[in-house]
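What follows is a set of notes on a single structure, which appears directly below.
The values are calculated or read from the model by the stated rules, or taken from the named source; none is laboratory data. Quick caveat: nothing in here was measured; it's all calculated off a predicted structure. Cβ atoms come from the backbone with ideal geometry, glycine included; neighbour counts cover every protein chain shown.
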């Protein structure tokens, strides 16, 4: 793992929560994008030494929508920056870690991503994130 790349936060509505981060906390909004493969709209917030990734579901079938049905808004995942995500995924599988997908998928910001199952990570959803 190179570093903590970002913290993902599930939100119901980006337009309603962005002002809290930008106006109240004074953190710059970097950009907003849609990630079709994950069915989310993402707002990137610069929180100094780390990015916050605000995640709004695009529809009810989104993994973020399902997360919020069970747990409500809040921290969704912690993402680690990695190099060679495929090798890292294979290493983790060899160590008995269950992943949520067989292959890395396109994520926000042009990254390839994969998630570790919380059952393998003491209840925490971790993301592996390889920037192109």
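Looking at (1) under 19 Å from residue 37 (Cα atoms); (2) modelled with pLDDT under 95, which is the only condition residue 121 fails?
Here residue 121 meets the rest and fails (1).
Which pairs do you get when a residue that is over 14 Å from residue 81 (Cα atoms), found in region 91-112, comes within reach of a residue that is modelled with pLDDT under 95 and in a helix (DSSP H, G or I), reach meaning Cβ atoms under 6 angstrom, with the pair 6+ apart or on two chains?
97/120; 98/120; 105/37; 106/37
Please go through region 13-32 and pick out each residue that is surrounded by fewer than 13 Cβ atoms within 10 Å (Cβ to Cβ) and closer than 15 Å to residue 64 by Cα.
The one that is surrounded by fewer than 13 Cβ atoms within 10 Å (Cβ to Cβ) and closer than 15 Å to residue 64 by Cα: 13.
Just for region 88-132: of the residues that are at positive phi and in a helix (DSSP H, G or I), which one is nearest to the chain's Cα centre (by Cα)?
109
Please report, ordered by residue number, the strands (runs of 3 or more DSSP E) entirely within region 7-59 with at least 2 residues that are under 11 Å from the mean Cα position of the chain (by Cα), within 24 Å of residue 128 (Cα to Cα) and at pLDDT 95 or above.
Where strands (runs of 3 or more DSSP E) fall fully within region 7-59 and carry at least 2 residues being under 11 Å from the mean Cα position of the chain (by Cα), within 24 Å of residue 128 (Cα to Cα) and at pLDDT 95 or above, they are 40-46, 51-57.
Just to be sure I understand the filter: pairs with C-beta atoms under 6 Å, separated by 6 or more residues or on different chains, first member in region 12-28 and without any contact (Cβ under 8 Å) to a residue 40 or more places away in the chain, second member in a helix (DSSP H, G or I) and surrounded by 12 or more Cβ atoms within 10 Å (Cβ to Cβ). Which pairs pass?
27/21
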